[in-house]
Every structure is written in C-alpha cells, then in structure tokens.
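Chemist: I am attaching a structure below and will ask some questions about it afterwards.
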Amino acid sequence: MRTAAHTLRARGLVGWDETQRPCINPAVSEMLLDYAHPRYTLFGDTSVASTRVIPFFYIVGKQAIYEQCQPEPDVVQLRILSQEELWKRLYPDLRQEEPSEEKDPDGVGSPFTSPSNQEPHGVGVPFTSPSTQGQIIQSILNEGVKLAREDQERASQLFSNSLPQPLAEKLAAAYHKPLVVQYIARWEQVPTQKHPTPDAALTILQGPEQSFLLWVEELHKGKQAPVAVHLAANNLLQTYITQVLPPCMS
C-alpha cells in the first residue's frame, strides 16, 4: 500500500489536504466521475486468424473518451483517447481490393462512385449493385458461420438461400479461413441486464480474398434480426463505422 501511495503521489494523482490526509487530484476526480457515468459505451472485440485478442471498451463521457481493457487477470488498464485515435482504433486496414471492379461497360463508373447511386440505402449507406450486397437472418448467418469452419460448400449452399450465389460463395470462403473478424457495438450509457442488446452492431470480416461488412438491423429481434451483408469498400466502411459511433461523434 505504501508503494502504491508513493506511486500515485509521484504521478500527481494524489496529494495531501490541509489535515495531511491523502486526497485525489480534483481533475482526476472529475474524470473518474465522467468515466463512471458515460454517455455511450462502445465495445470492440477482434479475432485474428481465429485467435481472440484483448477486447476493448470505449467509454464516451462528457469530458473525454476512455479506453478500457484487461491485459491480464485483475488488471484493468485505462487510457484517454482523442476522437481521431478512437477512429483509428476502429478503422481496419482493408488489404483486399475493393469490389469496385464491377465497372459499367460504358466506363461511366462503378456502383460505388456513380453519382446516381449515392442515394441513401438501408441505414444511410450508398447504394451498391445486387451482386455485392444482400440480407440474411441472424440465426441462418450463425449456422452458416459454424458450418463454414468445416464445410465451406455446405455453408455456401445455406447462405445462397438468402444471398446472391456469388456473394454467398465469397462469404463462405471468408468464414472458412477468416484473417480478421472485428465486432463493434454501441450502447447508450452502459449495457445492463435489462438492456444487454446494443443499439448498433457491426461486424467487419476479412477473408483471404474478400472483406465484408455485416450490419445488424432491428437488433431487438435477436436471432431473427435481419443482417445486411456487403462486400467491403472503404467508402462503405467509413459510412458504417460512422453509423455505429455515438451520435455526438458523427
């Protein structure tokens, strides 16, 4: 305890009051209160080559954004982030080529760049061609993800009942050998037993050849919730991450 007290004093986190009793730095006290009563909570969970890395919570308060993780048992690590740093944490590097290769034969442009296709679609994302997007029920997606680990062909067949065949095949291939799976969810204030379901949820899947964005719509429907599936492109990725961020940060 004495070592801990000296460490806190050395860092300026704890001082002495008029009666020589230890007291918390007022600025630190304000931040702790801000952290304890967040406006929003973000949860980031990532698996790399099927191995889960340390999950992170991002607490969005009135004064700051706090990053929380548990690098080892009984150890909680906190860090204050800027909005730009949070964005970099959430924005993955899409190593595969974007699906903008489906160019119009007249050379007018791809479905991701044509001005006529920039009308809001779904949750406010740019319109994409039918071959690069689809919708599937959460329970069917979950079943297909499990199948894909052992049997890519059967997973593809299951996905094709809901998605266009080319998209179903690519999604099954990505889940068969996932390179990175990143899940981001947002709650107003904090998740609780009465409110465990997030207000927004996005999965970013990177496979050997293609990357996908999976946006859960109508989250209150649970396993029956529809999931929008898109081949990933940087403009779509930016739009969806903006959707999952708290409104105060958009």
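What follows is calculated from the coordinates using simple rules that are stated; it is not laboratory data. A quick note: this is a predicted structure, and the numbers were derived from the prediction, not measured. Every residue, glycine as well, gets a Cβ built from its backbone with ideal geometry; the counts of neighbours run over all protein chains shown.
Chemist: To make sure I understand, if each residue's beta carbon is the centre and we count other beta carbons within 10 Å, what order do Met31, Met249 fall in, fewest to most? Mind dumping the intermediate values first?
Modeler: Working: Met31 17, Met249 14.
Lowest count first: Met249, Met31.
Chemist: Also: How many nm is it between the label spots at His195 and Ser131, if each spot is 7 Å from the Cα in line with the beta carbon?
Modeler: 4.4 nm
Chemist: May I ask you to sort Arg79, Arg89 by Cβ crowding, counting other Cβ atoms within 10 Å and putting the fewest first? Mind showing how you got there, number by number?
Modeler: Working: Arg79 11, Arg89 16.
The order, fewest Cβ neighbours first, is Arg79, Arg89.
Chemist: Between Arg52 and Cys23, with labels modelled 7 Å along Cα→Cβ, what's the label distance in nm to one decimal, could you check?
Modeler: Using points 7 Å along Cα→Cβ, the separation is 4.3 nm.
Chemist: For Lys223, list the lysines whose Cα falls under 30 Å from its own Cα; do not include residues on the same chain fewer than 8 positions away.
Modeler: Candidates past the 8-residue exclusion: Lys146, Lys170, Lys177, Lys194.
Chemist: What does the extension gain come out to for Leu78 and His37, with contour length at 0.36 nm per residue minus their alpha carbon separation?
Modeler: Numbers: separation 41, 0.36 × 41 = 14.76 nm, distance 1.53 nm.
Gain on stretching Leu78 to His37: 13.2 nm.
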